[in-house]
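First the structure, in the form of structure tokens, and then the observations on it.
What follows is calculated from the coordinates using simple rules that are stated; it is not laboratory data. Given the structure is predicted, the values throughout are model-derived calculations rather than measurements. Here the Cβ is made from the backbone with ideal geometry for all residues, glycine too, and neighbour counts use every protein chain on show.
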Amino acid sequence: MNILVIQMARMGDIIQSIPLVNDVKKHYPESNIFLLVNEVFHDCGFLLKDVSFIPISLGFFIQKKEMKDILPLPISGISFDIVINLNNSTYAKQILDYVVAEKKMGFGVSDRHSFEWAMYVTSFLKTRHLNSLNLVDIFRRFFSVFYSANEGFELENNIMINLAPKKNIAIQCGARNIKRQFSKDNYIDIATHYLEKGYQVNLLGVQNETQTAKEIVKKIGHKNLIDMTGKTDIKKLIHIVYSCERVYTPDTGTMHLCAFCNTPFTALFYGPAFPFETMGYFKMADVYMPDREIFSCYPCKDDELCPNNFSCHSFSFQSLYLNKTNNNFIKLCVDRDQIGQVLTPMNEMATLWRNFTKMYFFNIDIFDLQKKHVITQPETRAIIQRELKLWSKIDIKNLEVARINFYFLKPLIYFNKLSNEKTLIHKSLEFFKSYI
């Protein structure tokens with residue numbers, strides 16, 4: 001049996017695809033599994049045992065060549081039994097349409113199992129604060145005919161490295177978007193704190209983050225502060241992460257590599273980075289995010305200019321070391337429930353949507369006892385009651401009118417736009433009424 005998984009996004013997304021690939025390997029142990037990746041990340045191939053990485057250049061698509069000239073020979077010459085597409089991009093969908101397979105799953109697939117799930121999770125892109133589904137669990141649900149929420153949670157790695165424990169930490173100096181990055185003061189505070197305790201501190205990052213690292217090194221000037229920015233391939237990065245007691249990082253591929261290596265990490269999410277969606281799949285993590293009661297613009301979009309002068313970047317790591325409270329930020333706890341990784345505290349509306357997801361997509365009974373403890377805030381109940389009454393009176397096809405009048409039910413507005421399937425809408429409305 002030949003199985004193709006399409007994952008052409010970044011390194012972090014490749015790592016977040018590992019549990020899905022492990023599901024496939026477990027249920028089809030004799031299969032040949034191929035992973036189609038962006039050629040930039042072809043060196044991640046050794047992360048997955050018994051999986052053939054096939055690199056592809058996205059530049060071909062920009063040049064608008066014929067599909068037969070774009071796809072690598074290993075794909076063009078194979079008839080696949082199953083293809084699973086984990087990218088909601090035009091490129092990935094074009095490949096999905098072109099490749100011959102007996103069964104297709106994932107984004108861009110027309111059968112109800114995949115299509116309804118894909119449209120459902122896509123509906124939260126404009127209402128992200130209501131979403132609680134980690135990307136790992138979104139991927140695994142596409143293969144849910146074999147999905148078991150009680151197994152396969154950890155990012156089982158195949159790399160055995162025995163490194164003697166030592167006083168060693170690392171700091172990721174940047175992220176792909178400046179809106180996701182720590183302030184330079186935070187990098188300096190973290191490094192100084194550990195250097196004073198006799199630790200070696202490694203500065204990690206890609207080539208375009210070397211300037212930040214140089215400024216930190218110049219500011220601190222300590223022999224145990226090691227600048228590794230622009231000097232690590234994936235294997236070297238793994239060796240460093242394995243050797244660390246802890247890694248400090250924004251929402252980056254390094255964070256996901258920590259989860260893969262079972263290395264504790266501290267992650268700070270702000271700007272467009274939202275931990276409920278992209279947090280590393282790992283329990284031994286400290287996670288911080290802006291309080292939406294204070295920063296109502298959070299999470300924002302990657303490609304939008306910040307109108308608030310990066311106000312959500314006011315988090316201070318120094319206050320942690322001085323045992324002071326970061327009142328504007330929330331520390332999240334990492335846990336697991338029946339459908340995957342969950343972070344707490346979660347706002348009541350997001351909890352209600354997660355419960356609906358359990359019932360509708362995973363056939364999990366939500367007991368009455370659970371229902372009584374979901375909505376505790378009178379204002380939350382009032383919003384939901386109002387919107388449930390208003391639903392049948394508003395033309396939801398008029399997006400401008402719908403956006404103005406709905407908040408909690410807004411994901412249904414977008415789902416209705418994306419899909420002609422009305423069962424989910426009817427079931428969700430009935431489900432929410434049972435809580436009121």
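Counting other Cβ atoms within 10 Å, which GluC sites (Glu not before Pro) in the stretch 256-359 have at most 15 and lie in a DSSP loop?
Glu293, Glu304
Rank by packing, highest mean first: peptides 3-9, 126-132, with packing defined as the count of other Cβ atoms within 10 Å averaged across residues.
Highest mean packing first, the order is 3-9, 126-132.
Check which residues have an amide H placed less than 5 Å from Asn202's amide H, if you skip close sequence neighbours.
When sequence neighbours closer than 5 places are left aside, the close amide H contacts are Ile169, Ala170, Ile171, Ile226.
List, in the order given, every pair from Lys49/Lys301; Lys301/Lys324; Lys93/Lys417; Lys26/Lys422 whose Cα-Cα distance in the structure shown is over 24 Å.
Going by Cα-Cα distance, Lys49/Lys301; Lys301/Lys324; Lys26/Lys422 fall outside the 24 Å limit.
Gaussian network model of the chain, Cα springs within a sub-10 Å range: biggest mean-square fluctuation belongs to which of Asn88, Asn323, Asn22?
Ranking Asn88, Asn323, Asn22 by mean-square fluctuation puts Asn323 first.
Would you kindly state how much longer the chain becomes between Asp395 and Asn262 on full extension, computed as 0.36 nm times their sequence separation minus their alpha carbon distance, in nm to one decimal?
Full extension from Asp395 to Asn262 adds 42.9 nm.
Would you mind pulling out the separation of the Cα centroids of the stretch 307-370 and the stretch 213-248, in Å?
30
Given only helices, namely DSSP H runs of n ≥ 4 each adding -39500 (n - 2.57), what is the per-residue ellipticity at 222 nm of the chain, to the nearest 500 deg cm²/dmol?
My calculation for the chain gives -10500 deg cm²/dmol from helical runs alone.
Return the sequence-ordered ³J(HN,Hα) values of the stretch 235-242 in whole Hz as given by the Karplus equation 6.51 cos²θ - 1.76 cosθ + 1.60 applied to θ = phi - 60°, using x for Gly and Pro.
Per residue, the Karplus-derived 3J(HN,Hα) values read 5, 5, 4, 4, 4, 5, 4, 4 Hz.
Here are some values of Cα extents along the principal axes in Å: (i) 67, 59, 42; (ii) 57, 49, 44; (iii) 75, 51, 50. Which one was computed from this structure?
The value computed from this structure is option (i).
Taking 0.36 nm per residue of separation and subtracting the Cα-Cα distance, what length does fully extending Asp286 through Val217 add?
Extra length available between Asp286 and Val217 comes to 22.3 nm.
If you count, for each residue, the other Cβ atoms within 10 Å and average over each peptide, how do 296-303, 224-231, 395-402 line up from highest to lowest?
Ranked from most to least packed, the peptides come out as 224-231, 296-303, 395-402.
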